[in-house]
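Single-structure report; data block below.
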Amino acid sequence: MIFPEYRPRRLRRTENMRAMVRETALVPGHLIYPLFVVTGRNVRQPIEAMPGCWQMSVDMAVEEAKEVSDLGIPAVILFGIPEKKDSRGSQAWARKGIVQKAVSAVKKAVPELLVITDVCLCEYTSHGHCGLLSGSREKGVSIDNDSTIELLAKTALSHARAGADIVAPSDMMDGRVGAIRESLDNEGFDQVPILSYAVKYASAFYGPFREAAECAPQFGDRRSYQMDPANSREALREAMLDLQEGVDILMVKPAMPYLDIITRLRQEFSLPVAAYQVSGEYSMIKAAAEKGWLDEEAVMKESLLSLRRAGADMIVTYFAKDFAKLYAQT
Ligand code: PBG
């Protein structure tokens, strides 16, 4: 109903008014910073397609973790790049594997910083796929879902043993959340939550990450196990399956092209929802800013705030440090 004499006041006239009626907040406490860990010492190798990001050896990752924590960012997510890859990805669950070493070193140096580990095989397999292959090149190759989830469960357990606070399966095999939950519970890690990449699209926005984590598939693509960007009801089914298997946090990936999915998950589920602003989203902004075509700080803030407005509780982003530094100045 419209009252003719009612004239809405503009609550946007001063910064204090704007602040008072602002619906969404974004603070460093909402962010998770990804780290890529490689073997060696004193290594800090820039990732060309992701300006401001590096592959780091464990000692450097520890220094980085201290800085991240000092900036008020509560968590990092670790990706490991092993020296040797094989067809089964056996370095993924090696007791002294690269991620396992990084987890214990970071937890020792910065105990309050939450360490999340990415659980997947693609950085560890010589073929670059997220699971074990079956069949032959002549007859056609497929991913063997069920034997893969056993290895993922082993991997997650090895991360928990090394001290991981949260494990984050990103492979998209069916049944992996249940398998991981069971193996963690059986070994006394029933308090380690699972953040699943529940809704992960087969996206071209992962391009730069595949350089960062050296995990581009050597043949084929990931469309048999990642989701079709055309689908949104399927996202609810994927999330529901993970819920039934005992997931603790649901993640949507990529983020900005899938704001509708974040909102739907937020509405349909009461679990915390995470969004992953992926490498391509980051690189796009960086590249346009380098050219002087976009204002990097403004676009960074707007993109992260929009993810929060869409319904994300937490955001994995390569901008975490940049945002936190900016936040500290204001
Ligand atoms: C591994 C994994 C990928 C990303 C996170 N974990 C790559 C992929 O699925 O191809 C992408 C992250 C990014 O692009 O920033 N499965």
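Every number here is computed from the coordinates shown, using simple stated rules; none is lab data. Every value quoted in this text rests on a predicted model; they were computed, and no experiment measured them. Heads up, the Cβs are rebuilt from the backbone with ideal geometry, glycines too, and the neighbour counts pull from every protein chain shown.
Each label was represented as a point 7 Å from its Cα along the Cα-to-Cβ direction; for ARG18 and LYS108 these points are 4.8 nm apart.
Residue separation of GLU296 and MET284 scaled by 0.36 nm, minus their Cα-Cα distance, works out to 3.3 nm of gained length.
Per residue, what volume in Å³ does the convex hull of the Cα atoms of the range 1-120 enclose?
Numbers: hull volume 24.7 nm³, N = 120.
Enclosed volume per residue, from the Cα hull, is 206 Å³.
Relative to the dominant Cα principal axis of the chain, helix 320-329 is inclined by about 30°. Helix 279-290: angle to the longest alpha-carbon principal axis of the chain, degrees 0 to 90, nearest 10? With both axes taken from Cα atoms, the answer is about 50 degrees.
Of the trypsin sites (Lys or Arg not before Pro) found in the range 171-254, those in coil by DSSP whose Cβ has at most 14 other Cβ atoms within 10 Å are ARG223. Helix-only arithmetic for the chain: the sum of -39500 (n - 2.57) across DSSP H runs with n ≥ 4, divided by the residue total, places the mean residue ellipticity at 222 nm at -11500 deg cm²/dmol. Ignoring lysines fewer than eight residues from LYS96 along the same chain, the ones with Cα atoms less than 28 angstrom from its Cα are LYS66, LYS84, LYS85, LYS107, LYS108, LYS154. With Cα atoms as the point set, the radius of gyration and Dmax of the range 74-176 evaluate to 14.1, 51 Å.
Beta bridges from DSSP with both residues in the range 25-328: antiparallel share about 15 percent, rounded to the nearest 5. Largest GNM mean-square fluctuation among ILE47, ILE116, ILE249, using the chain with Cα springs under 10 Å: ILE47. According to the calculation over all Cα-Cα pairs in the range 2-46, the P(r) per 5 Å bin from zero is 5, 13, 12, 9, 10, 11, 6, 6, 7, 7, 5, 3, 3, 2, 1 %. Rg and Dmax over the alpha-carbon atoms of the chain stand at 20.5, 77 Å. Within the shell defined by Cβ-Cβ distances under 11 Å, the residues around SER283 carry a net charge of -3, with Lys and Arg each +1 and Asp and Glu each -1. Helix 259-268 against the longest principal axis of the chain: what's the angle in degrees, Cα atoms only, rounded to the nearest 10? The answer is roughly 90 degrees.
Potential lengthening of the chain between GLN244 and LYS96 amounts to 50.0 nm, from the contour at 0.36 nm per residue minus the alpha-carbon distance. In this simple spin-label model, placing a label point 7 Å from the Cα along the Cα-to-Cβ direction at both VAL27 and LEU326 gives a separation of 1.8 nm.
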